[in-house]
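Nothing in this text is a laboratory measurement; each read-out follows from the coordinates by a stated rule. Just so you know, these numbers come straight off a predicted model, no measurement behind them. Neighbour counts are summed over all protein chains in view; Cβ atoms, including those assigned to glycine, are modelled from backbone coordinates with ideal geometry.
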Amino acid sequence: MQWLIILPGYLLWHYSRAYRDLIHVWGNLVWFVLNVFAIPRHLFTLLAPWHRMLEPRTGRFDIEAWAERVVVNIMSRIIGLIVRVVVIIAGLVSLLTTGVAGLALLIVWAALPLLPALFLLLGVTFLI
């Protein structure tokens, strides 16, 4: 019968402070995913060259050197675009997974206090 004394305090904690803490942890995970994959930064620098690898200008004008520089700079930007798009997609998938897992956790957390009663009911029905 001692659990009847503890039960109201537990339910109050379970549906108030624990929910606030779960939402706080979930927010931290979303922040972590956004910062690990740097989604806003990659969107802002989508067409920037990969690791700032650019062919430097020479002092004189040479059509061959100019064409080489243009091709290398374009290739560096294409490689940067491909890598950033892949990272952005992976980050969005991780963000979606974090969001769905967080929502599922909140739903499961709401049902957890009902599980002992459900198990008791199932146990009694199996005995009958």
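Remarks
- A DSSP coil position with no more than 12 other Cβ atoms inside 10 Å describes the following trypsin sites (Lys or Arg not before Pro) in segment 1-96: 57, 60.
- Just checking the listed ones, 94, 76, 16: in the Gaussian network model of the chain with Cα springs under 10 Å, the one fluctuating most is 16.
- Normalised alpha carbon radius of gyration of segment 2-127 [divisor 2.2 N^0.38 Å]: 1.98
- Relative contact order of the chain: 31 percent, from C-alpha pairs under 8 Å at least 6 residues apart in sequence.
- Rounded tilt (10° steps) of 63-111 against the dominant C-alpha axis of the chain: 0
- Segment 3-112: chymotrypsin sites (Phe, Trp or Tyr not before Pro) in DSSP coil with no more than 13 other Cβ atoms inside 10 Å: 61
- Residue-wise HN-Hα couplings along segment 12-28, as the Karplus relation 6.51 cos²θ - 1.76 cosθ + 1.60 with θ = phi - 60° gives them from phi, are 4, 5, 4, 9, 10, 5, 5, 4, 4, 5, 4, 5, 5, 5, 4, x, 5 Hz; Gly and Pro carry x.
- Distance between the 7 Å Cα→Cβ label points at residue 95 and residue 82: 2.4 nm.
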